[in-house]
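I'd like to ask you about the structure that follows.
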Amino acid sequence: MPVWMGTSWKMNKTLAQARDYTVRLVKELGDRDLTGVQPFIIPPFTALATVREIAVDDPRVILGAQNAHWDDAGAWTGEISVPQALDAGARIIEIGHSERRQHFGETIETTRLKVAAALRHGALALLCVGEPAEVRDAGRSTAYILEQAEGALAGLSDEQLRSVLIAYEPIWAIGEAGRPATPEELRGPFAALRERFGDRVRGLLYGGSVNQDNASDLLRIDGVDGLFVGRAAWEVEGFLALLDIATAHNSTDS
Ligand code: PGA
């Protein structure tokens with residue numbers, strides 16, 4: 001199982017910035033041994049094809065889309081379908097990020113439809129789950145995220161689950177207002193995800209204020225197969241440093 005290390009750029013970067021980042025990344029990765037590490041980048045839709053054109057030079061880097069509609073085509077103004085995302089270069093479809101659940105009406109039902117669409121087209125589905133602070137404070141984190149994951153993945157066969165990654169991203173840990181979860185806080189949720197889905201899904205990731213200082217400790221938590229990073233990887237130097245941490249983790253682990 002590789003160590004997954006990926007970043008979503010969220011709603012950031014012009015085409016020129018996306019190009020600069022990817023050119024630098026591919027150049028720097030050229031000299032690096034990434035054995036056992038799976039890097040991925042999830043640019044905004046507008047930059048996906050541009051990033052793909054450059055990233056084909058290093059096929060170790062896989063790309064994703066931050067969202068996709070469940071229908072294949074049609075009258076869905078403002079939406080992008082899974083086939084369109086794949087056509088532009090994505091192999092991963094991110095689904096159910098808390099920002100989409102909170103601001104754009106994503107529900108357990110729409111995440112279920114989107115996971116099904118991603119799998120129908122041979123993509124990897126990256127399902128994000130995570131609870132708000134008040135749920136954590138009430139001691140209900142694990143029940144909450146299991147409900148999100150079980151709802152979105154209901155009815156999938158073991159073969160389909162092999163194309164699913166789950167990212168546990170507590171809402172209180174994400175973004176400027178967030179603080180990283182501590183290893184103690186992550187043990188319970190990851191043990192539960194591992195018990196429920198562990199060997200059946202492609203991997204379990206943690207996300208939320210990951211940075212160069214905490215990445216190594218986070219990767220050491222039982223059940224964590226990788227990290228999903230925002231701000232700390234928006235500059236290419238940051239992403240490269242995190243990839244180095246993943247490589248070092250992998251070599252001490254094996
Ligand atoms: P952050 O974002 O690393 O900037 O906290 C994480 C995420 O939303 O996936």
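The values are calculated or read from the model by the stated rules, or taken from the named source; none is laboratory data. Because the structure is predicted, anything quoted here is derived from the model rather than measured. All Cβ positions, even for glycine, are placed from backbone atoms using ideal geometry, and neighbour counts span all protein chains on display.
So that you can scan it fast, the table gives a plain yes or no per residue for (1) under 16 Å from residue 53 (Cβ atoms); (2) of a type outside the set (Ser, Thr, Tyr); (3) in contact with a strand residue (DSSP E or B) (Cβ under 9 Å, 6 or more places away or on another chain):
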residue	(1), (2), (3)
6	no, yes, yes
9	no, yes, yes
12	no, yes, no
15	yes, yes, no
22	yes, no, yes
26	yes, yes, no
33	no, yes, no
39	no, yes, yes
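Being more than 18 Å from residue 64 (Cβ to Cβ), aliphatic (A, V, I, L, M), under 17 Å from the mean Cα position of the chain (by Cα) and at pLDDT 95 or above is true for just one of 143, 215, 138, 192. Which residue is that?
From the options 143, 215, 138, 192, the qualifying one is 215.
Still on this model: Across the stretch 195-214, what is the total count of residues that are out of contact with any strand residue (DSSP E or B) (no Cβ under 6 Å at 6 or more places or on another chain) and surrounded by fewer than 23 Cβ atoms within 10 Å (Cβ to Cβ)? I'd like the intermediate steps shown before the answer.
At the first step, the residues of the stretch 195-214 found to be out of contact with any strand residue (DSSP E or B) (no Cβ under 6 Å at 6 or more places or on another chain) are 195-200, 208-209, 211-214.
Adding the requirement that they be surrounded by fewer than 23 Cβ atoms within 10 Å (Cβ to Cβ) leaves 195-200, 209, 211-214.
Here the count works out to 11.
Next question. Among all residue pairs at least 6 apart or on different chains, which show Cβ distances below 7 Å where the first residue, located in the stretch 165-188, is of a type in the set (D, E, K, R) and the second is within 11 Å of the ligand (Cβ to nearest atom)?
Qualifying pairs under 7 Å: 169/98; 169/128; 169/130; 169/207; 169/208; 169/228; 179/173; 179/209.
Now for a different question. Please go through (1) within 16 Å of the ligand (Cβ to nearest atom); (2) surrounded by 18 or more Cβ atoms within 10 Å (Cβ to Cβ); (3) under 20 Å from residue 219 (Cα atoms) for residue 148 and return the number of the only condition it doesn't satisfy.
Checking residue 148 against (1) within 16 Å of the ligand (Cβ to nearest atom); (2) surrounded by 18 or more Cβ atoms within 10 Å (Cβ to Cβ); (3) under 20 Å from residue 219 (Cα atoms), the one that fails is (3).
Additional query: If you go through the stretch 86-129, how many residues are of a type in the set (Asp, Glu) and part of a loop (DSSP other than H, G, I, E, B)?
Of the residues in that region, 1 qualify.
For the stretch 157-181: of the residues being surrounded by 14 or more Cβ atoms within 10 Å (Cβ to Cβ) and among the polar types (S, T, N, Q), which is nearest to residue 102 (Cα to Cα)?
That would be 163.
When the stretch 42-61 is examined, which residues are found to be crowded, with 23+ Cβ neighbours inside 10 Å and touching a residue at least 40 places away in the same chain (Cβ under 8 Å)?
The answer is 42, 48.
Checking the conditions here, which among 102, 84 is surrounded by fewer than 16 Cβ atoms within 10 Å (Cβ to Cβ) and either under 18 Å from the mean Cα position of the chain (by Cα) or touching a residue at least 12 places away in the same chain (Cβ under 8 Å) (or both)?
Working: 84 fails: surrounded by fewer than 16 Cβ atoms within 10 Å (Cβ to Cβ).
After ruling out the rest, the residue left standing is 102.
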